[in-house]
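These notes are about the structure you will find just below.
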Amino acid sequence: MSEKAKKLSTEPYKGVRDFFPEDMAVQNYIFGVWRKTAESFGYEEYGASVLEPAELYRAKSGEEIVNEQTYTFTDRGDREVTLRPEMTPTVARMVSAKRRELGLPLRWYSIPNLFRYEQPQRGRVREHWQLNVDLFGADSPEADAEIVILASRIMETFGAKDSDFTIKISSRAWLDKLFDDISADLEGFDATFDNKNALLKLLDVKAKDPDRFDREIVKLHPKLSGDFIARKSKALQTSEEKSYADLEKLVATLGNMGIKNVELALTEIVRGFDYYTGMIFEIFDTDPSNRRSLFGGGRYDDLTSLFGGERIPAVGFGMGDLPVKNFLETHGLLPAPKSRTDIHVCTTSSELVAKAEELATKLRAKGMNVSVNLTSKKIGDQIAWADKRGIPKVVVVGEEEAKTGKYKAKELATGAEAPL
Ligand code: HAM
């Protein structure tokens, strides 16, 4: 390299994260709780490539995701390829491909990495890992309940209390009905897909930015306002409306299971994707420092019909690694870091490394994780190195130990010694 050549940056690409060993330990802890909880409900793990044909997301996703947030490129064979921004279209594709062999219902989970060209901010990055849990082939309110209960059980397994988070629930079916009622009352505000989407987008904005909501709602129709929507919404909160009765039943079922931190947030939770058809939900941290949702999901009964063949009812959710990590940090729920190495073998001279390796091999055969000193550092420094890494024990291989074959393990926290 010439003297003038520019040095490469050590920063990762904008909005993605490097995982140093201590970060990886946290990540593995989160994944471990996800796996354990999903499997405890009988869910099986699946996987797929990060590469998908771009058309998969054009067919049915939120407009924002497709137009502004995907990483899409043309490959050498002139195909348009997208780095998956979410897992739901992929899993719907996989289930549709093998529907006959698979045998419904299916309980599936996965922990894919996803790519979204978002503005990096607290809790939002351009590559994140997301637990996806989906139940295919069951369309009852009990199936909806199973998914929300599983989500809530994950929070419990992380050690969260009811007061730490809120489950907000709504329904696309109910919102569709509300939209029909609103458009029936407003001349010139027809029940079109575009009008509906515009209204949903504004409802999504309302809680985050009420001023923007007030400014923009009148642009949709001069008679539209927060009050108008609230009135229409009130009138539709009746058990005669099936989509509302289903939600009441869901909340009651959750209550019977001891899940009380549920809130009907009918015109607040709308979800950003077009494919939802029924119950939708999000889970929020009650601590205001984590404003964005921890989980989001709902029922999507039509997505598999994109691939032809019969429609398969489905319900599920996605939960991001970063929002969860922020939640665990905020509430002091991250377990203390712990080394996976059980013992470090120190040596008093380089001639003894072979002996140390021999001892390490024996200990590994007994199931221990063992590292061996390869440096010419002093014993004290070797022990300090092990301590910095949180390795709980050391054993010293010196002339005497090598001769007698008698070794003592020393526990660093207490100084206690015991024969190995
Ligand atoms: P989503 O609401 O887009 O839903 O994402 C679900 C969760 O993923 C969010 O609540 C958040 O925890 C996390 N997440 C999303 N984007 C980011 C980001 N840029 N950085 C960090 N975390 C993020 C879906 O993706 C649906 N496909 C979920 C689903 C599965 N619905 C049914 N089944």
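Please verify whether the range 176-192 includes one or more residues that are buried (at least 19 other Cβ atoms within 10 Å of the Cβ) and touching a residue at least 40 places away in the same chain (Cβ under 8 Å).
Yes, some residue in the range 176-192 is buried (at least 19 other Cβ atoms within 10 Å of the Cβ) and touching a residue at least 40 places away in the same chain (Cβ under 8 Å).
Please go through the range 126-137 and give me each residue that is more than 11 Å from the chain's Cα centre (by Cα) and either among the polar types (S, T, N, Q) or surrounded by 19 or more Cβ atoms within 10 Å (Cβ to Cβ) (or both), ordered by number.
Going residue by residue through the range 126-137, those that are more than 11 Å from the chain's Cα centre (by Cα) are 126-127, 134-137.
ARG126, ASP134, LEU135, PHE136 - these are the residues of the range 126-137 that are more than 11 Å from the chain's Cα centre (by Cα) and either among the polar types (S, T, N, Q) or surrounded by 19 or more Cβ atoms within 10 Å (Cβ to Cβ) (or both).
Condition (residue is more than 16 Å from the ligand (Cβ to nearest atom) and within 15 Å of ALA207 (Cα to Cα)) applied to the range 233-240: is it met by at least one residue?
No.
Going through the range 270-308 one residue at a time, which ones are assigned to a loop (DSSP other than H, G, I, E, B), near the ligand (Cβ under 8 Å from one of its atoms) and among the hydrophobic types (A, V, I, L, M, F, W, C)?
Within the range 270-308, PHE273, LEU294 meet the criteria.
On the given criteria, is LEU56 modelled with pLDDT of 95 or more and more than 18 Å from the chain's Cα centre (by Cα)?
Criteria not met by LEU56.
Would you check if there is a residue in the range 363-370 being among the basic types (Lys, Arg), within 16 Å of the ligand (Cβ to nearest atom), closer than 28 Å to GLU22 by Cβ and modelled with pLDDT of 95 or more?
Among the residues of the range 363-370, not one is among the basic types (Lys, Arg), within 16 Å of the ligand (Cβ to nearest atom), closer than 28 Å to GLU22 by Cβ and modelled with pLDDT of 95 or more, which makes the answer no.
Here are GLU263, GLU248, GLU282, GLU240: which of them is touching a Phe, Trp or Tyr at 6+ places or on another chain (Cβ under 7 Å) and not hydrophobic (A, V, I, L, M, F, W, C)?
Details: GLU263 fails: touching a Phe, Trp or Tyr at 6+ places or on another chain (Cβ under 7 Å); GLU248 fails: touching a Phe, Trp or Tyr at 6+ places or on another chain (Cβ under 7 Å); GLU240 fails: touching a Phe, Trp or Tyr at 6+ places or on another chain (Cβ under 7 Å).
Answer to the selection: GLU282.
The values are calculated or read from the model by the stated rules, or taken from the named source; none is laboratory data. What you are looking at is a predicted structure, and each value in this text was computed from that prediction instead of being measured. Methodologically, a virtual Cβ is constructed for each residue, glycine included, from the backbone with ideal geometry; neighbour enumeration extends over all protein chains shown.
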